[in-house]
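Read through the structure below, which is laid out as structure tokens, and then see the notes.
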2 protein chains.
Amino acid sequence: MKKTTRILLSEKEMPCQWYNIQADMPNKPMPPLNPVTHEPIGPEALAPVFPMELIKQEVSSERYIDIPEEVLDLYKTYRPSPMFRAINLEKALGTKSKIYYKYEGGNYSGSHKANTAIAQAYYNKKEGIKRITTETGAGQWGSAMSYACHHFGLELLVFMVKVSYDQKPGRKLLMNTYNARVIPSPSSMTAAGRKILEQDPNSPGSLGIAISEAMEIAVQDPYTKYSLGSVLNHVILHQTIIGQEALLQMEKAGDYPDVVIGCFGGGSNFSGIAFPFIRENLTKGTKTRCLTVEPSSCPKLTKGKFMYDFGDSAGMTPLLPMYTLGHNFIPEKIHAGGLRYHGAGVLVSQLLKDGLVEAKAKMQRECFEAGVLFARAEGILPAPESNYAIAGALDEARKADIEGVSKTILFNLSGHGHFDISAYEKFFEGNLPDHELTSAEVDASIAKIDLPV
Amino acid sequence: MKKTTRILLSEKEMPCQWYNIQADMPNKPMPPLNPVTHEPIGPEALAPVFPMELIKQEVSSERYIDIPEEVLDLYKTYRPSPMFRAINLEKALGTKSKIYYKYEGGNYSGSHKANTAIAQAYYNKKEGIKRITTETGAGQWGSAMSYACHHFGLELLVFMVKVSYDQKPGRKLLMNTYNARVIPSPSSMTAAGRKILEQDPNSPGSLGIAISEAMEIAVQDPYTKYSLGSVLNHVILHQTIIGQEALLQMEKAGDYPDVVIGCFGGGSNFSGIAFPFIRENLTKGTKTRCLTVEPSSCPKLTKGKFMYDFGDSAGMTPLLPMYTLGHNFIPEKIHAGGLRYHGAGVLVSQLLKDGLVEAKAKMQRECFEAGVLFARAEGILPAPESNYAIAGALDEARKADIEGVSKTILFNLSGHGHFDISAYEKFFEGNLPDHELTSAEVDASIAKIDLPV
């Protein structure tokens, strides 16, 4: 029988609800704490920063949340997204396993980030907000939010982590094309940025710093809100459309994954594909392993500590219970800019603690090798972030071949690498450094902060 | 009733035949001539350059040609391609007209070029060829051919027009990623290249020169063939899958185009979408206008002369009856590198002569303005080439609004602009020059050649 390589859903088959894993978690996450008093806070504390509907989603325990009509309308310009059976990659590997990937790079933004950008811009617009501030690392999130804000008639100010701003001028220009204003972070526009620049005028920046700057601007004006591209519960909620579709596509393919894999920055693309499969594990007794792959240079899940920490570097956010490297940690300048974040989202952190997800860390060069192998086989040039998921999938296939078994492997190809070509250039030139953070370095970074565990 | 924005076909609905317009043309094209004797040549004269199956397609008068299974397999990784109703663009324009576009940028290569690259690599492989040489302008064709050759186990050597090689390092690296070798043209690797470099060491190159270099290498070895990304009949044949799908999608949308528009370099993306609609005009009495849009700086269809000319600058190809600016013409360094070609394909030339297609020329800046308007409305950043089609569509919508009528407009969005972001940067900086070739300049260029008309 002929193998199908592209597994599509029709528009009518697109799920019209997001899945909220908080309804099914055996242990609910611990509450956020006030950054000053360290007392648990309620949702109202987030009101200066986010619109009310997103705050409700952040703390909701409803299992399913309806996707608004206006959001569905834009989703339908690129969703359902395709799933592929990676037949040519399987051939290149000579593996007995079956490898599938869900491709989220086919939309305007080039990554899964569009799924939450559209929702967040919509809810802000609906509540009368005029302007949004946000951060971006690799620029995928900023690009996604730029078009979404322009579409709904909102202004957007993006603080782009300086190392990515310098590495990826294409992403900045794309955001400009969509009418957004882009500032390299740390900047002198905010107190948080100026403080960092005083200590280190050449700071490469970090997502934590950029978040501090964006939040600082947002809280100064009632018509300006802040928007985050990963980590938070409502962001991850919006991404579950990926896994909801993937379940239907697996059914169409007549298959079911033994393992589901995503790269890991703050958690949004991994959670988006994996959470619906975790629901099936929890409610239907399936045994799909859900595996995160993070950079060895930013290994919060594999070497970080589970504790309360800030989401940003300046300590403006509520304290969140998460695996962290310490909120002042500045990762190496790896090219997977979207994975350069010190902490993990609360939901994934709790699930990892409870043994419901797995984590591994990998080096940069091996991940680019995997990405090039994938590009030559499947045609699509992956984002550097997605290369970590690919490398994780290759590990699983090779392990199964050694064990003499055939596994069904599904990974999330979160985005394309068209704006990351200079990283591939460095890889081909042999100029891509590997870096592994040691446990002692992690301890030293954690020791700098004085917070309740 | 809710408007559908994305019109999809299922895999089963994908046409499995290409359409050959030679079967339906009221006036068949004049024969190619021997470059030396100026006598009509038969297909066997092309044997040193192309594999036999492509030569057969070049001269075929069969109306439909079956797409081979192996080609369909790769097509199905990205086809049927989506058609969109440009609802947000219509809103941004405030037009009464309906605007549709067929999007060919969603595949690995980022443009329609994959449609013929896959077919050409397949037929070469099938006939035992080991290595292909080709030219590329903007790099879309080279990228498409690089992956296709790698997939079928062929080596590829690409002569990339120097101005594009310098403007678009991303495209070169993408080709390298797919294992192709890329040489800036003119190069010292060939006699044709050395001759140009002697005259002008700083020559920006042209598609005509790059073709000469690629052909020169190909004819030296029986296991090496040459491959062209546009102009020729077999190339255009492969692109008709676009229009074949578009007809079905228009039917699904319950609509039919008054005008079909494509940008024009050598003719492949325009012909791909338009030829099936011309068939309907010729055989069913529909009256769809088919409009090409070319750069004012390279206006072969609107200011060139219909005559026999060479396809390359060194005069190695057969003489072809076409609209041309003279085979030694070197166009301005506009950013739509794929449109920098001195001649038009034989089929489109004959159809234009017979009044079955229309042509207009437009300036670079206005086309980028149209592209940015499109990107902000529809999200997709267009290739600079595609901006000419968009500008043509906007003209049609505005004209209809002035006339107080509503038209149905369909254009081919031939590719994305992710590797052309530096061109957009220049546009935003106000550094994008406009250039219009005068009739006197065309006459002077034509006067340099001495050929039978």
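The values are calculated or read from the model by the stated rules, or taken from the named source; none is laboratory data. Here the structure is a predicted model, which means the values were calculated and not measured. Backbone-built Cβ (ideal geometry, glycine too); neighbour counts: all protein chains shown.
Overview of results
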| quantity | calculated |
| --- | --- |
| Subset of the range B:90-127 [more than 14 Å from every other protein chain (Cβ to nearest Cβ) and polar (S, T, N, Q)] | B:Thr95, B:Ser97, B:Thr116, B:Gln120, B:Asn124 |
| Meets criteria (surrounded by fewer than 22 Cβ atoms within 10 Å (Cβ to Cβ), out of contact with any Cys (no Cβ under 8 Å at 6 or more places or on another chain) and either aromatic (Phe, Trp, Tyr) or closer than 26 Å to B:Glu332 by Cβ (or both)) for B:Val346 | no |
| Failed criterion for B:Pro382 (all others in (1) away from chain A (no Cβ under 14 Å); (2) out of contact with any Cys (no Cβ under 9 Å at 6 or more places or on another chain) hold) | (1) |
| Of residues in the range A:64-84 being touching a Phe, Trp or Tyr at 6+ places or on another chain (Cβ under 7 Å) and more than 10 Å from chain B (Cβ to nearest Cβ), the one nearest to A:Val259 (Cα to Cα) | A:Met83 |
| Yes/no for B:Thr190 being buried (at least 21 other Cβ atoms within 10 Å of the Cβ) and more than 17 Å from A:Ile421 (Cβ to Cβ) | yes |
| Any hit, the range A:181-188, residues being more than 14 Å from chain B (Cβ to nearest Cβ), touching a Pro at 6+ places or on another chain (Cβ under 9 Å) and among the small types (Gly, Ala, Ser) | no |
| Residues of the range A:185-232 satisfying the condition of being closer than 23 Å to B:Arg376 by Cβ and touching a Gly at 6+ places or on another chain (Cβ under 8 Å) | A:Tyr223, A:Gly229 |
| Exclusive hit being under 17 Å from the mean Cα position of the chain (by Cα) and closer than 19 Å to B:Pro48 by Cα, set B:His234, B:His238 | B:His234 |
| Test result for A:Lys56, surrounded by fewer than 14 Cβ atoms within 10 Å (Cβ to Cβ), modelled with pLDDT of 95 or more and within 24 Å of the chain's Cα centre (by Cα) | no |
| Enumerated strands (runs of 3 or more DSSP E) restricted to the range B:236-327, each holding at least 2 residues that are within 26 Å of B:Ser212 (Cα to Cα) | B:289-295, B:305-310, B:319-324 |
| Complete set of residues in the range A:1-49 that are away from every other protein chain (no Cβ under 14 Å) and more than 30 Å from A:Phe306 (Cα to Cα) | A:Pro15, A:Gln17 |
| Subset of the range B:319-343 (residues that are charged (D, E, K, R) and crowded, with 24+ Cβ neighbours inside 10 Å) | B:Arg340 |
| Single unsatisfied condition, A:Pro82 versus (1) under 25 Å from B:His416 (Cβ atoms); (2) buried (at least 23 other Cβ atoms within 10 Å of the Cβ) | (2) |
| Pair list, Cβ under 7 Å, 6 or more apart: the range B:110-121 residue under 19 Å from B:Ala138 (Cα atoms), other residue of a type in the set (D, E, K, R) and modelled with pLDDT of 95 or more | B:Ser111/B:Glu104; B:His112/B:Glu104 |
| Criterion (more than 26 Å from A:Asn107 (Cβ to Cβ), over 20 Å from the mean Cα position of the chain (by Cα) and β-branched (Val, Ile, Thr)) met by exactly one of B:Ile99, B:Ile183, B:Ile132 | B:Ile183 |
| Index of the failed condition, B:Lys172 passing every other in (1) crowded, with 24+ Cβ neighbours inside 10 Å; (2) out of contact with any Cys (no Cβ under 9 Å at 6 or more places or on another chain); (3) closer than 22 Å to B:Ile55 by Cα | (3) |
| Complete set of residues in the range B:1-32 that are within 23 Å of the chain's Cα centre (by Cα) and of a type in the set (A, V, I, L, M) | B:Met14, B:Ile21, B:Ala23, B:Met25, B:Met30 |
| Residue match in the range A:19-29 (condition: farther than 22 Å from A:Gly315 by Cα, without any contact (Cβ under 8 Å) to a residue 24 or more places away in the chain and of a type outside the set (A, V, I, L, M, F, W, C)) | no |
| Residue match in the range A:128-139 (condition: modelled with pLDDT under 95 and within 13 Å of chain B (Cβ to nearest Cβ)) | yes |
| Elements of type helices (runs of 4 or more DSSP H) in the range B:142-221, at least 1 residues being modelled with pLDDT under 95 and more than 26 Å from B:Asp309 (Cα to Cα) | B:162-167, B:169-177 |
| Every residue from the range B:282-298 that is out of contact with any Pro (no Cβ under 6 Å at 6 or more places or on another chain), crowded, with 24+ Cβ neighbours inside 10 Å and not charged (D, E, K, R) | B:Cys290, B:Thr292, B:Val293, B:Pro295 |
| Any chance A:Ile87 is within 14 Å of another protein chain (Cβ to nearest Cβ) and touching a residue at least 60 places away in the same chain (Cβ under 8 Å) | yes |
| Residue that is surrounded by the fewest Cβ atoms within 10 Å (Cβ to Cβ) [pool: residues in the range B:391-417 that are within 14 Å of chain A (Cβ to nearest Cβ) and touching a helix residue (DSSP H, G or I) at 6+ places or on another chain (Cβ under 7 Å)] | B:Gly417 |
| Single residue of the range A:353-369 satisfying the filter (more than 11 Å from A:Ser297 (Cα to Cα) and buried (at least 24 other Cβ atoms within 10 Å of the Cβ)) that is farthest from the other protein chains (Cβ to nearest Cβ) | A:Val357 |
